[in-house]
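Reviewing the structure listed below.
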Amino acid sequence: MVATFCKSKCCKATFCPLTLSFAKTCHTFQGQSAGPVNQGQQPNAVDRVVIDPGDKKFEGNNPGLLYMAVSRATTLGEKSSVLPVPKRLDSAIHFTGHNMTRHRVLNLTLKKTGEEYKKVKLRKKWVARLENNTETMQLAPGDTPESVLEWCKNFRMSRDALDKAISNRTWRKHLNKDLNY
């Protein structure tokens, strides 16, 4: 708090000086980075991130959100005898809130009972479904990855041919079967 007096020194005003700052949700921060960059690179728009991870139930209902937030930082700090210990401020990421514990990070997908959260189970089911229904492509004999890339650069398809290819459902196995995500 800062106190100031009027010119006559008879009146006093006490106030809290504010500093302009910004906040983003994790969803709007995806694809961005925070922290220092190598010399010659364009600097990040954000110097540091402060994360309140919320409670475990929130993470269980939004799997991967904490990981996404943590992965935005370009550095977790460096050990250095020059920096004051224990207040090292060279990290691009800082945590706040009472929910950030070692146990919380190591057991992100589990409830207190040890059971997986519903969204985590559904995500695993979805990933398994994608893996089971993904066709693996192999190059034709004599083709090289370079020749396929060259073909992709030069290939053109008419709108009618594209519509016909998309409407052909044989390449999509069991599209609507067991979808509950």
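Overview of values
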item: The stretch 119-139, subset farther than 18 Å from Gly54 by Cα and among the charged types (D, E, K, R), residue modelled with the lowest pLDDT; result: Glu135
item: Checklist (1) modelled with pLDDT of 75 or more; (2) surrounded by 13 or more Cβ atoms within 10 Å (Cβ to Cβ); (3) of a type outside the set (Val, Ile, Thr) applied to Leu83, failing item; result: (1)
item: Test set (1) of a type in the set (A, V, I, L, M, F, W, C); (2) in a loop (DSSP other than H, G, I, E, B); (3) at pLDDT below 85 - Met157 fails condition number; result: (3)
item: Residues located in the stretch 37-81, provided they are over 16 Å from Lys24 (Cβ atoms) and in contact with a strand residue (DSSP E or B) (Cβ under 9 Å, 6 or more places away or on another chain); result: Lys56, Gly60, Thr74, Thr75, Leu76, Gly77
item: Selection within the stretch 86-125 - within 17 Å of Tyr67 (Cβ to Cβ), in a helix (DSSP H, G or I) and either among the small types (Gly, Ala, Ser) or touching a residue at least 24 places away in the same chain (Cβ under 8 Å) (or both); result: Arg104, Val105, Lys119, Val120, Arg123
item: Selection within the stretch 99-132 - loosely packed, with under 13 Cβ neighbours inside 10 Å and of a type in the set (Ser, Thr, Tyr); result: Thr101, Thr113
item: The stretch 133-155, residues that are loosely packed, with under 10 Cβ neighbours inside 10 Å and within 30 Å of Asn61 (Cα to Cα); result: Thr134
item: Search result, residues across the stretch 13-66 that are modelled with pLDDT under 80, in a loop (DSSP other than H, G, I, E, B) and of a type in the set (A, V, I, L, M, F, W, C); result: Leu20, Phe22, Ala23
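Yes/no per residue for (1) small (Gly, Ala, Ser); (2) surrounded by 12 or more Cβ atoms within 10 Å (Cβ to Cβ):
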position	(1), (2)
Met1	no, no
Ser8	yes, no
Cys11	no, no
Leu18	no, no
Lys24	no, yes
Gln32	no, yes
Val49	no, yes
Lys56	no, yes
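The values are calculated or read from the model by the stated rules, or taken from the named source; none is laboratory data. These figures come from a predicted structure and were not determined experimentally. Cβ coordinates were reconstructed from backbone atoms using ideal geometry, including for glycine residues, and neighbour counts include every protein chain displayed.
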